[in-house]
Amino acid sequence: MKKKVIVVDDFENTRWIVQQILQKEPELDVLGAENGVEALKFFNGEPVDLLITDLNMPQMDGIELVAKVRAMDKYRFIPIIMLTTERNPEKKQKALDIKVTTWIQKPFEQGQFRKIVRKVLRLK
Amino acid sequence: MDDIKARFSTEANELLELFERRLLELEKQGQSSEAVAEIFRVIHTIKGTASMFGFVNIGKLTHDVEDIYDLVREGHMTFDKELMDLSFKIVDIIRELLKTGDELSSDDEAKMSAILDTVHQRLQNREESGHHEIEDQNSEVAEQKAYYYIRYQPDKDVLERGIDPLVVFEELEEEGEFLAYLDLNLVPSLTHFEPDEFFLAWDIFFTGAANTELVDDVFMFFLSHEYQVQTFTLAEIESLPNFGDILKKLSLYQIDNNILVQNLIKLSKACDAGEDKEEPEPVVGESPEKSMVADATETIRVEASKLDELINLVSDLVTINGQLEMKSEQIADYQLEKQVMELSKLAKRFRDNALNLRLVPIELLAVKMQRLVRDLSNELGKKTDFITEGTNTELDKSIVSRLEGPVLHIIRNCIDHAIETPEERLRQNKPEQGVVRFIAFYSGGNVFIQIQDDGKGIDPERVKNKAIEKGLIHHGESLTNAEAYNLIFEPGFSTAEKVSNVSGRGVGLDSVRKEIADMRGQVDVESEVGLGTSFTIKLPLTLSIIDTLQTTIVGHTVLVPMEFIIKTERLNGGNSRHMSFEGEIIPIIDLHKLLDEKNELAKAPKVLIIKLYNRKYGITVDRIVRNHQAVVKPLGVYNRHHPFFSGSSIMGDGSLALILDINRLVKHQKEDIL
Amino acid sequence: MTQNDQIFSILSFQLGDEVFGVNVTNVLEVLHNKGVTPIPRSETFVRGIVQFRGEIVTVIDFSEKLNLHNNSPTSGKVIVVFYVQSNAHSFKVGVLADDVKAVDQIPAAKIQPVEEMNHYFNPEFLKGVYQRNSEFVIVLDIDKIFSEKEIQLIKQSTTNEKK
């Protein structure tokens, strides 16, 4: 069965790039969402295997989204990757405090990005 | 913590079963380098992971034992009888330790040190014949080798970050060789224990990676304070900054400086040898049809509890569907009825599919049976061949696990009481080697299991005499042979004249029959003096749904399992105790009286004729309502041992009905009369 | 927090002439009794079974179970469903009552040990007693009443009965 990945970023180009990179992985289905509110809708349907989300977004930011997802019984232990342009170490620490699996600095290098996603999802 | 141990136990038990299977194969068919290689690999894997999961004693044991199998694998030692016996003992002790969570009873401790003594003896003999120069050479090289010491201590919230902390071990294994020792010091007392929090830490020694970057990569998702890496060579091991602390922690595993260095040398040897990495998924199972199946179908592992949950949901669906059917009948709308019927069909198919998921092949019992035959025959000086047929027959998982006790009991009986000694067999012109056969097959909605032996058979006369002696039957009571054989299942009956330490554990065949009956099954026996005995067990495919006949008796709704009913009759003639049925006088079980002391039999217009173990009985009821497919629910803690009801079911209208247990009912009736 | 600062939520209910209280952590739900299906030949205190969330739950009468022979019989209008969990076992069980009265927040210090007084049943099953308006609420120790030991006694008595 394919693994379902949700990519959340208000910037369409970022979503597009992430989807382009991950589409090369045959084991993945990648779905995009513009903000936290849209993203949450995906979590009420078929099971999601990985959430990749931006930190700063209008409506509902990454931190709130992660907290909402983690609060669902089914997704307490889901892997989550946080995308961020933040270089401020204090803010990064905050991302870890809200319990994400790892974070990736934007702009990112394609090979590294794929490697991290594969590793998080335990694809050989 | 227990989750962690359980995780290892499950895996190790599977490996042990493979190990045992290979041993039995080696014993039966002689040398096979493939089998030996697998045996080595199993021990190697268990050794590598046991201490990582906190199984100190298993780690210690397999550590030394591994060397033996390594020598066998290299052709420096032969797999002789002593080693074979030793191997089985090793399996047993590891299993025991897995069960107890690594606690050693004093008994086990004696067993373990006996095993280790033999192992050391063998290894020493080996060394005396001059072999250790090579070791020394190796350690020279190892001195220069680069090692990593990693203190790995994930934060408490690691699980909530979506990380599986155990994955790093899989990756380390891919990159090189490692030793990991679980550190339990951080596990809080029970009162402070939060199930979602993580309290484990490891001291890891790793070699094989070219650079630290690779190690960083393995621990990519962990924060820098969660893993600390130090490189060292053996020559400078003592200069590791916290070496004293490390040794203190390892002392739990009875590892001191010297042993640690020894282990690390072995580690680098294994790494250099480019040691046969484990194949991705060792194919468990041996018989050709089984491995073919394994190749052809893709399988996924599902936790048993998830399946149970699914079955519960399906049961609810069937119940609600029944209620809907009834309502729609009342409403009498053609469209609605048609749709409800479609839904019913779908629900039934769904149910059958879901129940199928829980079916497992009876093969799972094969190794245990084979092992029992082997050990017991050896112990009693008998020769027995064990043959299985139809072990791919599938049964509900819960039935297979509950079947183990009764089946092993019968096999134990066969070898202990039925199979003769080789001398005796030769005297009787029988082949020296006896045969025990285990056959499983489907028939109708049931699974049949036969256990046959070609031993001395059961003498019905002896059984009768014994039964008279024990007061089970009266002198002069006439019994058919079949009836006489049935007596061996009576409580208090045991044909063994002497209590041997094998079968005579104070449990007789009555407990076998009881256990089988609790699974709604039956067990029967046939025998031929001098030729052998055959036990037949009949079981339902599943326990959760049964076909019943819905009846009412003095206001109670009672469901009678369909498989026992042979006919329904009107009650005419006969007295309150007996009736005639097809020219036979059969006993009546007066359910009215059982349910309501004051009730008079005369009011009962209907009788269900049931058959249990070739005996027929009439059961009185007021009214037969309809056929009902019952989803069985337990009666609850206060009625677990009810004399004749063993479950209940939710009916179409939401009311509850009681499920009659024919086995218990007949037993209760007999005891009442006595 | 020391033990006496602890606050218990106690559900009180009327059973015959007595008012009993139980810790709400043990209570799953209070049902209106729409009929209990009797099981012939069970223990005298077992009134039968009901369906609760798709499961079968045994319904018992505390007056019988606790040997309150002087208590007047209960109307059994409601069933308090308990969830009992210990190391040895976990199960749901229903208890008949006339009515549910209230849930009180009671500091542990207010629950006083039951003296020998005039109480006519097994003190082992009692946690204590507290006053609520004009009446006394007897707080029961649900875990003890439904302990493995108690259940074990029943197994024995049914097996003995058979012989």
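The values are calculated or read from the model by the stated rules, or taken from the named source; none is laboratory data. This is a predicted model, so every value here is computed, not measured. Positions of Cβ are generated from backbone atoms using ideal geometry, with glycine treated the same way; all protein chains shown enter the neighbour counts.
Things worth noting here:
- Among the candidates B:V560, B:V554, residue that is touching a residue at least 60 places away in the same chain (Cβ under 8 Å) and within 14 Å of chain C (Cβ to nearest Cβ): B:V554
- Pick from region B:640-650, criterion in a strand (DSSP E or B) and within 7 Å of another protein chain (Cβ to nearest Cβ), ranking: surrounded by the fewest Cβ atoms within 10 Å (Cβ to Cβ): B:F645
Residue-wise test of (1) under 28 Å from B:G381 (Cβ atoms); (2) modelled with pLDDT of 90 or more; (3) not hydrophobic (A, V, I, L, M, F, W, C).
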{"residue": "B:L408", "(1), (2), (3)": "yes, yes, no"}
{"residue": "B:C414", "(1), (2), (3)": "yes, yes, no"}
{"residue": "B:E432", "(1), (2), (3)": "yes, yes, yes"}
{"residue": "B:Y442", "(1), (2), (3)": "no, no, yes"}
{"residue": "B:K466", "(1), (2), (3)": "yes, no, yes"}
{"residue": "B:H474", "(1), (2), (3)": "no, no, yes"}
{"residue": "B:P491", "(1), (2), (3)": "no, no, yes"}
{"residue": "B:L509", "(1), (2), (3)": "yes, no, no"}
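- Every pair of residues 6+ apart whose Cβ atoms lie under 6 Å, when the first sits in region B:653-673 and is facing chain C (nearest Cβ under 9 Å) while the second is in a helix (DSSP H, G or I): B:E671/C:K162
- Within region B:659-670, the presence of at least one residue that is part of a helix (DSSP H, G or I), crowded, with 22+ Cβ neighbours inside 10 Å and in contact with a Pro (Cβ under 7 Å, 6 or more places away or on another chain) is confirmed.
- Selected residue (only one of B:E424, B:E420 is modelled with pLDDT of 90 or more and in a helix (DSSP H, G or I)): B:E424
- Among the residues of region C:29-54, those identified as assigned to a strand (DSSP E or B) and at the interface with chain B (Cβ under 7 Å from one of its Cβ atoms) are C:T37, C:V46, C:I49, C:Q51.
- Selection count, region B:618-639, where residues are assigned to a loop (DSSP other than H, G, I, E, B) and facing chain C (nearest Cβ under 7 Å): 3
- Among the candidates B:N429, B:N392, the residue that is in contact (Cβ under 8 Å) with a residue 60 or more places away in the chain, surrounded by fewer than 19 Cβ atoms within 10 Å (Cβ to Cβ), assigned by TED's automatic domain parsing to the domain that holds B:G521 and not in a helix (DSSP H, G or I) is uniquely B:N392.
Conditions tested, residue by residue: (1) hydrophobic (A, V, I, L, M, F, W, C); (2) touching a Lys or Arg at 6+ places or on another chain (Cβ under 7 Å).
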residue	(1), (2)
B:E175	no, no
B:E194	no, no
B:E197	no, yes
B:D203	no, yes
B:G208	no, no
B:E213	no, no
B:L223	yes, no
B:P241	no, no
B:G244	no, no
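- Region C:57-90 - residue that is part of a strand (DSSP E or B) and touching a helix residue (DSSP H, G or I) at 6+ places or on another chain (Cβ under 8 Å) and, of those, nearest to C:V30 (Cα to Cα): C:F82
- Meets criteria (touching a helix residue (DSSP H, G or I) at 6+ places or on another chain (Cβ under 8 Å) and not aromatic (F, W, Y)) for C:L31: no
- Selection over region C:55-76 of residues that are more than 21 Å from C:L126 (Cβ to Cβ) and either more than 12 Å from chain B (Cβ to nearest Cβ) or touching a Phe, Trp or Tyr at 6+ places or on another chain (Cβ under 6 Å) (or both) gives a count of 4.
- Residues that are outside any helix (DSSP H, G or I) and free of Cβ contacts under 8 Å to residues at least 24 places away in the same chain, drawn from region B:457-478: B:K470, B:G471, B:L472, B:I473, B:H474, B:H475, B:G476, B:E477, B:S478
- For the criterion of being among the hydrophobic types (A, V, I, L, M, F, W, C), outside any strand (DSSP E or B) and at pLDDT 90 or above, B:L365 fails.
Let's see how each residue does on (1) without any contact (Cβ under 8 Å) to a residue 60 or more places away in the chain; (2) within 30 Å of B:Q669 (Cα to Cα); (3) surrounded by 18 or more Cβ atoms within 10 Å (Cβ to Cβ):
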| position | (1), (2), (3) |
| --- | --- |
| C:V57 | yes, yes, yes |
| C:D61 | yes, yes, yes |
| C:F82 | no, no, yes |
| C:Q85 | yes, no, no |
| C:D104 | no, no, no |
| C:A108 | no, no, no |
| C:I142 | no, no, yes |
| C:F146 | no, no, yes |
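- Residues that are surrounded by fewer than 16 Cβ atoms within 10 Å (Cβ to Cβ) and among the charged types (D, E, K, R) were ranked within region B:310-332; the one that is nearest to the other protein chains (Cβ to nearest Cβ) is B:D316.
- One residue from B:L182, B:L247 being within 33 Å of the chain's Cα centre (by Cα) and either more than 23 Å from B:G48 (Cβ to Cβ) or more than 13 Å from chain A (Cβ to nearest Cβ) (or both): B:L182
- Taking the criterion of being surrounded by 15 or more Cβ atoms within 10 Å (Cβ to Cβ), hydroxyl-bearing (S, T, Y) and either modelled with pLDDT of 85 or more or part of a loop (DSSP other than H, G, I, E, B) (or both), the residues of region B:98-148 that qualify are B:T118, B:Y147, B:Y148.
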